[in-house]
Amino acid sequence: MSSASVRRFMASLSNCPSLKHGVSQWCPQSSSLTRTQPSSSIGFRTFRRSYVVASSAFANENREFVIVGGGNSAGYAARTFVEHGMADGRLCIVSKEAYAPYERPALTKGYLFPLDKKPARLPGFHTCVGSGGERQTPEWYKEKGIEMLYGDPVADIDIEKQTLTTNSGKLLKYGSLIVATGCTASRFPEKIGGNLPGVHYIREVADADALVSSLEKARKVAVVGGGYIGMEVAAAAVGWKLDTTIIFPENHLLQRLFTPSLAQRYEELYQENGVKFVKGVSIKNLESGADGHVAAIKLEDGSTIDADTVIIGIGAKPAVSPFGSLGLNSTVGGIQVDGQFRTSIPGIFAIGDVAAFPLKIYDRMARVEHVDHARQSAQHCIKALLSAQTHNYDYLPYFYSRVFEYEGSPRKVWWQFFGDNVGETVEVGNFDPKIATFWIESGKLKGVLLESGSPEEFELLPKLARSQPVVDKAKLQNASSVEQAFDIARSSLQG
Ligand SMILES: Cc1cc2nc3c(=O)[nH]c(=O)nc-3n(C[C@H](O)[C@H](O)[C@H](O)COP(=O)(O)OP(=O)(O)OC[C@H]3O[C@@H](n4cnc5c(N)ncnc54)[C@H](O)[C@@H]3O)c2cc1C
């Protein structure tokens, strides 16, 4: 960059309204800002450096863009960097895991299929295959000039010096930093047996591998937790024809989303598949046998459930360490960001599960631990960082789960939910297998869940949840089929 163009650039900066929150507040109307221009937010020093970094080179150890965390959102962020021509020689991903980013939901789905039913394995499910994109293998990152540091988590950050230190002692200087560290599985304390051999938590490939080797030898499996992870693992374990019990303190499965009636239908389906339920109970401790391996679960009501393999699915915590100084949200947890994923520190961003962001549609702060948000937040953040995009993230919550999908399963289940599960509910359909639940608040349709709908009906879900039309609840209640209910909902969109 010539000194004249540096002067022009500095002049354009001084006309910007504010640099407080980072790059995207660079004057978007400025002709000097193009899609391919490096847009680090921390000032001239970094900008100049970005121009001296040669393509495909990290020789001076100054990394223009660093992503910490090599999971779902990192994979989609990398793709967006590539799409903007800003990856080659400029982007470094530092990952705790030994694998290139992959579609994490597979770990409790295809990954746990019985071994004779073609289980999913890497490299099959690297991002971005989950959304129909290219499979970004480790070779892809090499070809794109993206530096990957595997198996070396970031242990420390120096915000003043713009440096990171990894576990192995590497010192990395960054221009802009994207924190994409996701969550860690919540664990039972060691003193109640949470670390016994045979007790599993699932977050990473290594965890799923350990579980698969346990399942190969298991006779009695106990799954603790009736949320997404518990439901998916229990469905997988009976696929291995293992004696499987699911245990949870709530009254029904997926209490956070399902209505009691919907949960009952799924519980019956699980029971037909051989899963046993122990509901409304708390765990006292896990007990080991003479060999030190887990042997039983002791419940607070005094009863005991024998198990040689225990999977704990009791939630997850945002992985904020060592980034606590970026500003945490005390209500929903995680690193606080604005509608463009900017933290309180200029040039530092957070995306995916770890980000506490403004959920514009419902006017509240949220942290969303779902893959759709991981993908979309990554794309939104990187576009805002690299281009003139200035609009705020406007996410519509979308959750899904898939169970019993292995070959030979009598019924494969795939449901989707869009919106907010607030207000009264109307359930339509006979679960044969089609079923839908509508959430209505103050006369408006707020959320909708559908299993086994047609593609046209699935396409309607986000439209309904986004526009929140006024619906005739009585008409919906009287609908004789899911099809008719969706006709009513569709016509409310036009009303
Ligand atoms: C088993 C399982 C099943 C799931 N199923 C579904 C589903 O069916 N539907 C759905 O919508 N969502 C599902 N999810 C949630 C979804 O996978 C997450 O929302 C998504 O992975 C979040 O992406 P992320 O990039 O924020 O975090 P992650 O994908 O978790 O990636 C974070 C990465 O950062 C690494 N890391 C952490 N700390 C550091 C550090 N200090 N230095 C370097 N690296 C670090 C981690 O090891 C990890 O590799 C599932 C999650 C799990 C665990």
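The values are calculated or read from the model by the stated rules, or taken from the named source; none is laboratory data. Since the model is a prediction, treat every value here as computed from it, not as a measurement. No Cβ is skipped: glycine too gets one built from the backbone with ideal geometry, and neighbour counts run over all protein chains shown.
Table: residues versus (1) within 24 Å of Asp209 (Cβ to Cβ); (2) not charged (D, E, K, R).
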residue: Gly71; (1), (2): yes, yes
residue: Asp88; (1), (2): no, no
residue: Leu91; (1), (2): no, yes
residue: Arg104; (1), (2): yes, no
residue: Thr108; (1), (2): yes, yes
residue: Pro114; (1), (2): yes, yes
residue: Pro119; (1), (2): yes, yes
residue: Thr127; (1), (2): yes, yes
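Under the condition of being under 24 Å from Trp240 (Cα atoms) and either in contact with a helix residue (DSSP H, G or I) (Cβ under 6 Å, 6 or more places away or on another chain) or buried (at least 16 other Cβ atoms within 10 Å of the Cβ) (or both), the residues counted in segment 259-276 number 9.
The conditions of being within 14 Å of the ligand (Cβ to nearest atom), outside the structural domain of Pro455 (by TED's automatic domain parsing), in contact with a helix residue (DSSP H, G or I) (Cβ under 7 Å, 6 or more places away or on another chain) and part of a loop (DSSP other than H, G, I, E, B) are not met by Glu405. Here Gln162 does not qualify as of a type in the set (S, T, N, Q), in contact with a Pro (Cβ under 8 Å, 6 or more places away or on another chain) and in the same structural domain as Val82 (by TED's automatic domain parsing). Would you mind stating whether Ala210 is in contact with a strand residue (DSSP E or B) (Cβ under 7 Å, 6 or more places away or on another chain) and hydrophobic (A, V, I, L, M, F, W, C)? For Ala210, the condition - in contact with a strand residue (DSSP E or B) (Cβ under 7 Å, 6 or more places away or on another chain) and hydrophobic (A, V, I, L, M, F, W, C) - is met. Among the residues of segment 129-155, just one is out of contact with any Gly (no Cβ under 7 Å at 6 or more places or on another chain), among the polar types (S, T, N, Q) and within 25 Å of Val212 (Cα to Cα), namely Thr137.
Among the residues making up segment 340-386, those that are charged (D, E, K, R) and outside any strand (DSSP E or B) are Asp353, Lys360, Asp363, Arg367, Glu369, Asp372, Arg375, Lys383. For segment 415-453, residues that are of a type in the set (S, T, N, Q) and over 26 Å from the mean Cα position of the chain (by Cα) total 3.
Looking at segment 414-421, can you tell me whether even one residue there is touching a strand residue (DSSP E or B) at 6+ places or on another chain (Cβ under 8 Å) and at pLDDT below 95? Scanning segment 414-421 turns up at least one residue that is touching a strand residue (DSSP E or B) at 6+ places or on another chain (Cβ under 8 Å) and at pLDDT below 95.
I need the full set of residues from segment 212-233 which are away from the ligand (no atom under 13 Å from the Cβ) and crowded, with 23+ Cβ neighbours inside 10 Å, in order please. Val221, Ala222, Val224, Gly226, listed by residue number. With the condition kept exactly as written, say whether any residue in segment 281-304 is more than 16 Å from the ligand (Cβ to nearest atom), within 29 Å of the chain's Cα centre (by Cα) and not aliphatic (A, V, I, L, M). The answer is yes; a qualifying residue exists. Looking only at residues in segment 139-187 that are basic (Lys, Arg), more than 22 Å from the chain's Cα centre (by Cα) and part of a loop (DSSP other than H, G, I, E, B), the one that is nearest to Phe81 (Cα to Cα) is Lys144.
Within segment 169-186, can one find any residue that is of a type in the set (Val, Ile, Thr) and more than 16 Å from the ligand (Cβ to nearest atom)? Within segment 169-186, none of the residues are of a type in the set (Val, Ile, Thr) and more than 16 Å from the ligand (Cβ to nearest atom).
Only one entry of Val154, Val129 meets the criterion of being crowded, with 19+ Cβ neighbours inside 10 Å and among the β-branched types (Val, Ile, Thr), and that entry is Val154.
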